[in-house]
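What follows draws every value from the coordinates through simple rules; no lab data is involved. Here the structure is a predicted model, which is why all the values come from computation and not from measurement. Cβ: placed from backbone, ideal geometry, glycine included. Neighbour counts: every protein chain shown.
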Amino acid sequence: MQGALRKGLVGWRVPVVGVSVLAVVGWVLFLGASLVFPKLAPVFWVQFAIDLFVLTLFGLSLNLLMGYGGMVSFGHAAYYALGAYASALLVKKAGLPMPLAFVLGPFFAAGGAMVFGFFAVRLTAIYFAMLTLAFSQIVFAVVFKWTKFTGGDDGIQGVWPIKALAAPPVSDNYYYFSLGVVLVCALLLYLIVNSPFGYTLRAIRENPRRAEMAGVNVRLHQWVAFVIAGFFAGVAGSLFVFFQGSVNPDYAGVARSTDPLIVALLGGMHNYLGPAVGALLYKIIFFYVGRQFPFLWQLIVGIILLGVILLFPGGIMGAITERRWRRLPFGRRKGVPTVAPGEVETPTGSSVGGGNGGR
């Protein structure tokens, strides 16, 4: 009996240790490659990487709402734009230094999310999504029409970082600054989604009525998640405005709101690194397909996204973790089981967990 117990404990611990070691090695390799990247790559690819960092953070912020909270927002660009415009206005109108404007900008985005979220969380499903879209259009209309303050259609120009971070056409220091900001924000979001608050959000996503019956204040948790997501979207907007040197109403447009939706769906909503993988895939598709087919790239991206959703509902990372490709016709190999050990394949092709997974 003791031998069996010891075998069971070893069988449980070894995969955990293995995954931890692989994760550490992977992060070390990633950080090492990221640190030397601007020294080896051309300027264009350094700019590409900064753009990728911003999109990754933007996608992670939305995924807190959508992937963990079950709230699909069609207007997340509102808080991206609020963070960008707030930082730009603090520099150009208030005369604040760039570091202070960068820090304060996301709090204005969180303030906007607090106001809009107060009303949005009172609705669910498509009604919630459409209300978030309406709020984003309000932000778009304000920054577009308020010409004397926001610059209208021309936006605000000449918003550059401090000299220590700026050197045309792009500074390696701003690359490292962007990398550090995104990594810190990603770590904070990871801690949030794996905290008791994050697990409560998942419970609300799965069954809000049961969570409410268990004593959870559903609206309060959704509201807090909405504000947190708005804050980190504002960080992404502030980071991008000092990279681009300008801000315009397109930052709050519908097209901008679709970007985090696409990267979350491509990479996988229910995997924390899903938006990061989706952002990388989206930027690569945008770059190569956009160059070859400048008038058809939206159609091609739509077809790819449709294929991913149909074949891999959990996104790319979901397919990797669930080994879903083995259940596809082209993923089956003779003599290789298509289900994991301890699972039983049903006549419909799905699998029923056994062992630890079936408990």
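Toward the positive end of the charge dipole of the stretch 42-252, about the Cα centre and with charges on Cβ (Lys, Arg +1; Asp, Glu -1), which of Ser87, Ser178, Leu165 goes farthest?
So the residue furthest toward the plus end is Ser87.
How do Phe242, Phe119 line up, fewest other C-beta atoms within 10 Å first? Kindly include the intermediate steps, with their values, before the conclusion.
On the way: Phe242 27, Phe119 14.
Sorted ascending by nearby Cβ count, the order is Phe119, Phe242.
Give me a comma-separated list of calculated 3J(HN,Hα) values for the stretch 288-297, in order, Karplus coefficients 6.51, -1.76, 1.60 applied at θ = phi - 60°, integers in Hz, x for any Gly or Pro.
Running phi through 6.51 cos²θ - 1.76 cosθ + 1.60 with θ = phi - 60° gives 6, 6, x, 6, 7, 10, x, 9, 10, 5 Hz.
Quote the FRET efficiency, to the nearest 0.05, computed for Leu311 versus Lys148 with a Förster distance R0 of 51 Å and r equal to the Cβ-Cβ distance.
Working: r = 51 Å, r/R0 = 1.00.
The computed FRET efficiency comes out at 0.50.
Once the dipole of the stretch 42-252 is set up with Lys and Arg at +1 and Asp and Glu at -1 on Cβ about the Cα centre, which of Tyr127, Phe108, Gly59 lies farthest towards its positive end?
Checked the options; the winner is Tyr127.
How high is the relative contact order of the stretch 42-252? Use alpha-carbon pairs under 8 Å, at least six apart in sequence, and give a whole percent. Mind dumping the intermediate values first?
Details: 330 pairs, mean separation 91.1, N = 211.
About 43 percent, as a whole number.
Can you give the FRET efficiency to the nearest 0.05 for Ala203 and Thr321, using r as the Cβ-Cβ distance and R₀ = 35 Å?
Values: r = 21 Å, r/R0 = 0.60.
E between Ala203 and Thr321, to the nearest 0.05, is 0.95.
Arranged by the count of other C-beta atoms within 10 angstrom, fewest first, what order do Thr200, Thr321 take? Don't skip to the end; give the middle numbers.
On the way: Thr200 20, Thr321 15.
The most exposed by this proxy come first: Thr321, Thr200.
Ranked by Cβ crowding within 10 angstrom, fewest neighbours first, how are Ser178, Ser34, Ser238, Ser195 ordered? Walk me through the intermediate numbers first.
Values: Ser178 22, Ser34 15, Ser238 31, Ser195 11.
By the 10 Å Cβ count, ascending, the order reads Ser195, Ser34, Ser178, Ser238.
Order 223-234, 53-64, 79-90 from most to least packed using the mean count of other Cβ atoms within 10 Å.
Details: 223-234: 25.5, 53-64: 27.7, 79-90: 29.7.
Sorting 223-234, 53-64, 79-90 by mean packing, highest first, produces 79-90, 53-64, 223-234.
For the pair Leu123/Phe48, report the inter-label distance in nm, with labels modelled 7 Å from Cα in the Cβ direction.
Taking the simple label geometry, Leu123 and Phe48 are separated by 4.0 nm.
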